[in-house]
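See structure below.
Derivation of every value follows stated rules applied to the coordinates shown; laboratory data play no part. Remember, predicted model here, so these are calculated numbers, not experimental data. FYI the Cβ positions are ideal-geometry reconstructions off the backbone, even for glycines, and counts take in every protein chain you see.
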Ligand SMILES: C[S@@+](CC[C@H](N)C(=O)[O-])C[C@H]1O[C@@H](n2cnc3c(N)ncnc32)[C@H](O)[C@@H]1O
């Protein structure tokens, strides 16, 4: 297994300087090639360039598969047909469509993002894939605005974008059905220049009134926690 140190030089897999990605790479100020503390304020989008395709390329980089283990993540979530899921900070839908397949046509996935361009990308893909169980939602920074209660709020690499996260999830708990869960995957310290320390995650969710249900250790770059509201039944 590669070390976290080595991983830190990759941005969503590779920052390979290929002819295809060269211009885009140059346009992206700090494409993850430099270590250091988060260089941005929370609540922002990673849309460094206007072109939707650029972001799509980055988030859907095939190299990501080698460390993101999407099938293993989906399996670990133990989703059932008919479930409703919110993909918080869905981006261009790396997980959205995998979640939608897992819950089937009787289920629903709300792709939640504050960036309308990300939602437009997902809408376009949903039409092309004929997946009617995916619905995009334009959220606001402090509230995911999920249209109905869900079985799972799932979020990958977006937690570090959120501000006042204890308050955010204290509020977001109202979007969970009784027995509903929150699953958070975010970069570990040292794995990427934007990250959330495990201790920070645990403390913030405790402050938000959640208890840790599961902690999966199989992702080489990210923490993967499953939490439930303390009063959940
Ligand atoms: C690094 S991307 C991750 C995208 C996707 N989850 C993935 O794994 O490919 C983070 C996403 O979170 C979104 N985001 C940032 N702040 C947000 C907020 N307060 N509410 C919802 N989405 C947010 C950004 O617009 C961006 O699309």
Highest to lowest packing among 148-155, 216-223, scored as the average C-beta count within 10 Å
148-155, 216-223
Hydrodynamic calc, region 69-229: Kirkwood Rh from Cα pairs, then Stokes-Einstein at 10 °C with viscosity 1.306 mPa s, so D in µm² s⁻¹ is 102
Expected sort for 135, 177, 75 with the fewest Cβ neighbours (10 Å cutoff) up front is 75, 177, 135
